[in-house]
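These notes concern the structure reproduced below.
The values are calculated or read from the model by the stated rules, or taken from the named source; none is laboratory data. Just so it is clear, the model here is predicted, and its values are computed rather than measured. Glycine gets a Cβ as well: all are built from the backbone with ideal geometry, and neighbour counts include every protein chain shown.
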Ligand code: NDP
């Protein structure tokens, strides 16, 4: 029987990308880590194995955050294994870009809101029930688009605006129980989820950053670790933007289209023009 660890974190969607980097970073900081995943069992198990070999404690638990029964079981397993919970990172999320208004369907809306918003609410409810008397910490993954929405990603941006709003509401509500709630709002960050984005868009975002580079998952994990530490003990109801700091995303988005969801002849033509822009350097305007 292992002793109860001093601090325990549960990270939703930790099999890949930013979530995995957060798991690695918080394990380095001495947390026992619950690695939640939806589909990527092999990657989640490999991460747990690596963290354990490095001397940490970790557990992979499958669960779709958009399903309340899964979330309840996820937290019960976490507390049964480690005996406590201190930090929830609401990282699981789906991004969708290149979706014009006319292509927004019920399926698209439900997929994004069910995972990015409903899942965050379910997990926050469960965590607030499992935090002890000394409180806890909820850290939400928002996005810069929550505050600066752009064309062709309306529903995704709306989910992240909802995340920002929920962060503030829950912070005010849970503060008296010493539960701090904060958010991190990355700009474009190199992960599987953003690998397919057009080179011209990546270059544009790079140009809007102060440091002249895109974010990496460890960059985001470092800020999450800071928010989870006593160093930020007075911070609550706070959203940390990271990355792009300038530019005019609206005008640029109107000239570009991302990989469309639900292909159409118009989107294919826009892509052809985008390709041509990348080779000729001339701006492209969508029909
Ligand atoms: P990835 O697509 O690389 O990884 C997503 C992770 O979320 C995977 O581990 C996936 O698990 C998990 N996941 C997806 N749906 C569910 C679900 N219903 N239940 C449980 N787990 C789920 O994403 P990123 O790392 O790029 O993004 C992580 C977070 O950061 C998201 O909330 C995203 O919106 C936000 N963000 C990302 C930015 C970026 O540029 N990358 C910028 C701003 C915000 P599995 O593989 O098992 O399906």
**Message:** Residue under question is residue 191, and the condition is that it be touching a residue at least 60 places away in the same chain (Cβ under 8 Å) and within 21 Å of residue 118 (Cβ to Cβ); does it hold?
**Reply:** no
**Item:** The listed residue being surrounded by fewer than 18 Cβ atoms within 10 Å (Cβ to Cβ) and either under 25 Å from residue 9 (Cβ atoms) or touching a residue at least 24 places away in the same chain (Cβ under 8 Å) (or both), out of 135, 119, 93
**Value:** 135
**Asked** How many residues does the range 4-45 contain that are at positive phi and touching a helix residue (DSSP H, G or I) at 6+ places or on another chain (Cβ under 7 Å)?
**Response** 2
**Complete:** Of the residues in the range 87-99, those that are assigned to a strand (DSSP E or B) and more than 14 Å from the ligand (Cβ to nearest atom) come to 87
**Prompt:** So which residues in the range 202-225 are over 22 Å from residue 15 (Cα atoms) and within 14 Å of the ligand (Cβ to nearest atom)?
**Reply:** 202, 204, 205, 206, 208, 209, 213
**Request:** Would you be able to say whether some residue in the range 182-201 is in contact with a strand residue (DSSP E or B) (Cβ under 9 Å, 6 or more places away or on another chain), at negative phi, in a helix (DSSP H, G or I) and more than 15 Å from the ligand (Cβ to nearest atom)?
**Result:** no
**Flag if residue 246 is modelled with pLDDT of 50 or more and more than 14 Å from residue 186 (Cβ to Cβ)** = yes
**Prompt:** Within the range 140-153, is even one residue in a helix (DSSP H, G or I), more than 10 Å from the ligand (Cβ to nearest atom) and either free of Cβ contacts under 8 Å to residues at least 40 places away in the same chain or surrounded by fewer than 18 Cβ atoms within 10 Å (Cβ to Cβ) (or both)?
**Reply:** no
